[in-house]
1. Name the residue, out of D473, D480, D407, D440, that is closer than 30 Å to M226 by Cβ, out of contact with any strand residue (DSSP E or B) (no Cβ under 6 Å at 6 or more places or on another chain) and of a type in the set (D, E).
2. For a quick check of your reading of the model, give me the residue pairs whose first member lies in segment 165-189 and is farther than 20 Å from I49 by Cβ, whose second is hydrophobic (A, V, I, L, M, F, W, C) and open to solvent by 50 Å² or more (accessible area, probe 1.4 Å), with beta-carbon atoms closer than 6 Å and at least 6 apart or on different chains.
3. Cβ-Cβ distance below 7 Å, separation of 6 or more or different chains: which pairs start in segment 515-530 with a residue that is touching a residue at least 40 places away in the same chain (Cβ under 8 Å) and end on one that is charged (D, E, K, R) and open to solvent by less than 30 Å² (accessible area, probe 1.4 Å)?
4. Looking at A282, A273, can you tell me which residue is open to solvent by 50 Å² or more (accessible area, probe 1.4 Å) and in a helix (DSSP H, G or I)?
5. Could you list all residues from segment 437-453 that are at pLDDT below 90 and either surrounded by fewer than 18 Cβ atoms within 10 Å (Cβ to Cβ) or more than 22 Å from N477 (Cα to Cα) (or both)?
6. Is it true that S431 is in contact with a Lys or Arg (Cβ under 8 Å, 6 or more places away or on another chain), closer than 23 Å to T328 by Cα and open to solvent by less than 20 Å² (accessible area, probe 1.4 Å)?
7. Which ones in segment 577-629 are in a helix (DSSP H, G or I), free of Cβ contacts under 8 Å to residues at least 12 places away in the same chain and among the basic types (K, R)?
Amino acid sequence: MNYKIQNAAISFGDNTLLEEINFEVNTTDKIAIVGRNGCGKTTFLKALIDNDMFEEGIGDNKFQIVRQNNLSIGYLRQIQFKDESVTMEEEIRSVYKDIIELEEKLKTIQKQMEENTQEEQAQTLATDYSKALERFEALDGYTYKKEYETAILKFGFTKEDMTKQIKDFSGGQKTKIALIRLILSKPDLLILDEPTNHLDVTTIEWLEKYLSRYKNALIIVSHDRMFLDKIVNKVYEIEYAAFTLYTGNYSQYEIQKKERYEKQLKDYEYQQAEIKRLRQIADRFRYKPTKAKMALSKLKQIERMDIVDRPNRYDTRSFTKNFKLKETSGKLVLKTEELKFGYKEPLGVTSFELFRGDTLGIIGANGKGKSTLLKTLMEKIPKLGGHFSFGFNVDKEYFDQELSFKDENATVIEDFENEFKNMTTTDIRSSLASFMFYTDDIQKQIKDLSGGQKVRLELCKIIRKGPNTLLLDEPTNHMDIIGKETLERLLQAYEGTTIVVSHDRYFINKIANCLLIFEEDKVRFFRGTYSEYLEEREKQEEQVTIKNNENKNKAKTETITDNKAEYLENKERNKIQTKIRRLEEQIDRNETKINEIRKEMEKEENMTSYTKLGELQEKINQLEEENNNKLNEWEELNSKL
């Protein structure tokens with residue numbers, strides 16, 4: 001499979017969004033497309049489906065699109081279900097149409113083989129069965145049921161959900177079902193735009209393992225850096241309306257980008273210094289007759305140079321404000337003792353202590369109570385049991401992922417002024433500018449802001465208050481990678497205490513020194529980073545695997561022993577049965593001989609000869625005695641069985 005875009009552009013009217021696109025994807029490629037919000041990532045994905053969006057770019061190469069005719073592309077543009085009255089399982093199974101048809105064909109042929117006794121027809125059926133079975137195995141027919149059942153459960157659905165009709169699910173659940181159907185359909189080119197949005201850690205971990213083993217080509221747009229690190233082998237960056245290719249995962253891309261920039265800058269500065277030196281020589285000697293030729297050669301030397309362009313600086317525009325605490329808290333910031341949190345029924349119970357300067361990362365599956373815990377600590381909902389208390393001088397602020405504003409019709413500057421009535425206009429504008437709200441932006445109404453802009457405005461207000469304790473619920477939602485990196489640096493430099501809920505493991509790993517993990521049946525406190533938690537979890541899983549293997553080997557040994565004993569028993573039984581069968585045959589033969597001898601005795605010529613009759617009777621007596629012995633042996637052998 002090969003799909004190549006050369007020297008293309010995408011424009012909307014007079015506005016050119018992407019001006020030089022050089023992009024290629026091959027069969028085994030797993031590609032990440034990265035860049036700032038609004039740089040054109042999603043638009044490019046749509047153009048891969050609809051090639052009419054492409055036009056000639058500004059590069060020197062010929063504009064062309066190379067794409068095989070039968071290329072199947074999977075892209076979740078919008079939720080589409082042909083029939084919402086079918087169950088979720090029926091909808092998911094529809095992607096396995098070929099396998100299911102083969103499965104039914106195999107059953108039909110097998111039944112025909114059992115019923116048919118004609119040798120020629122049986123041979124034909126056996127050939128058909130062999131071909132169908134080979135195709136069935138090639139399509140992973142033995143594992144497809146486990147594959148889709150695992151995917152359904154990992155995406156947070158239950159076995160009971162499988163029998164529900166599509167129409168009975170929420171919009172968010174329908175999106176998940178459509179995503180499951182898409183990835184399991186295994187197109188030649190799978191395109192995913194922010195697939196980890198609204199997925200919890202457990203689901204993301206399953207998805208990245210599935211995609212890392214995906215056999216076909218894959219293109220991903222995502223702000224989840226750890227997700228990209230685990231999956232991709234190429235990165236295309238969109239910056240300044242052009243594409244740049246890097247080989248490796250996201251972390252390798254970051255290293256290469258920095259190295260390329262530094263090398264090009266060094267080459268540029270060296271060349272500029274050399275050009276300056278050559279021009280100085282030429283200017284100095286061009287009017288001296290004896291040196292004019294040399295001066296001219298220096299100018300020609302400059303003309304022959306391949307000019308190195310000054311590299312563009314990274315597009316790292318982001319918010320820049322740093323925290324200034326109003327006051328410092330006591331050493332112990334928060335203590336929970338058997339704290340039960342939830343609504344009508346407890347969602348979890350936890351006990352832990354946080355100290356000044358700690359950053360607690362809260363991770364786990366959706367619906368387990370992570371946000372509920374934060375609301376309980378902020379006393380927005382009552383606790384259901386246990387105890388919690390904040391320490392001396394704790395001044396806390398809460399970031400709610402739902403981002404509700406008092407007045408959606410208010411402008412950015414009005415919303416800020418309502419929060420800080422004593423600040424001067426200059427200070428307000430300065431604070432907003434540090435979070436990338438400039439002259440035009442501050443006059444926008446809240447309702448017209450993007451999700452990322454609302455996050456920046458809320459964080460701007462929180463930071464301006466200078467609290468010493470932060471409770472943040474999914475603060476990186478709607479942020480691009482640069483925004484996340486900026487928030488990471490801000491929280492790393494923060495001298496207060498932070499409690500943060502996030503599904504972004506890369507983010508959590510960067511900032512948190514302790515974790516609260518919402519597992520299947522408990523809430524676990526772990527003093528350490530996310531990487532250290534993964535190491536411990538892998539060791540535990542390895543120990544479980546070793547124990548399971550030991551149990552399997554033990555069971556296997558026992559099975560072998562049992563099988564061996566059974567084999568020996570069956571072997572002995574077969575011997576006895578063979579002896580019994582032979583005895584029965586010998587007894588039958590003797591009975592036949594006895595009957596033949598009696599018929600011989602009844603012949604007229606023998607009936608008058610006492611000598612002959614005596615001989616024949618003696619033979620009968622011998623055969624009957626032999627049969628009696630054999631019958632005794634037969635009874636003894638049968639008793640053994």
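1. Unique residue meeting the criteria: D480.
2. Filtered contacts from segment 165-189: K174/I79.
3. F518/K370; Y530/R505
4. Just a single option satisfies the conditions, and that option is A273.
5. Y438, T439, D440, S450, G451, G452
6. Yes, satisfied.
7. Start the filter on segment 577-629 by keeping residues that are in a helix (DSSP H, G or I), which leaves 577-601, 604-607, 610-629.
After this cut, where a residue has to be free of Cβ contacts under 8 Å to residues at least 12 places away in the same chain as well, the list is 578, 581-582, 585, 588-589, 592, 595-596, 599, 604-607, 610-612, 614-615, 618, 621-622, 625, 628-629.
R581, R582, R589, K599, K612, listed by residue number.
Listed here are the residues, each with its yes/no results for (1) open to solvent by less than 20 Å² (accessible area, probe 1.4 Å); (2) not in a strand (DSSP E or B).
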| residue | (1), (2) |
| --- | --- |
| F341 | yes, no |
| V349 | no, no |
| G361 | yes, no |
| K368 | no, yes |
| K375 | no, yes |
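The values are calculated or read from the model by the stated rules, or taken from the named source; none is laboratory data. Worth saying up front: this structure is predicted, and the values here are computed from it rather than measured. Here the Cβ is made from the backbone with ideal geometry for all residues, glycine too, and neighbour counts use every protein chain on show. To get the accessible areas, we keep the full protein, side chains included, count just its heavy atoms, and leave off ligands, DNA and RNA. Shrake-Rupley method; radii C 1.70, N 1.55, O 1.52, S 1.80 Å.
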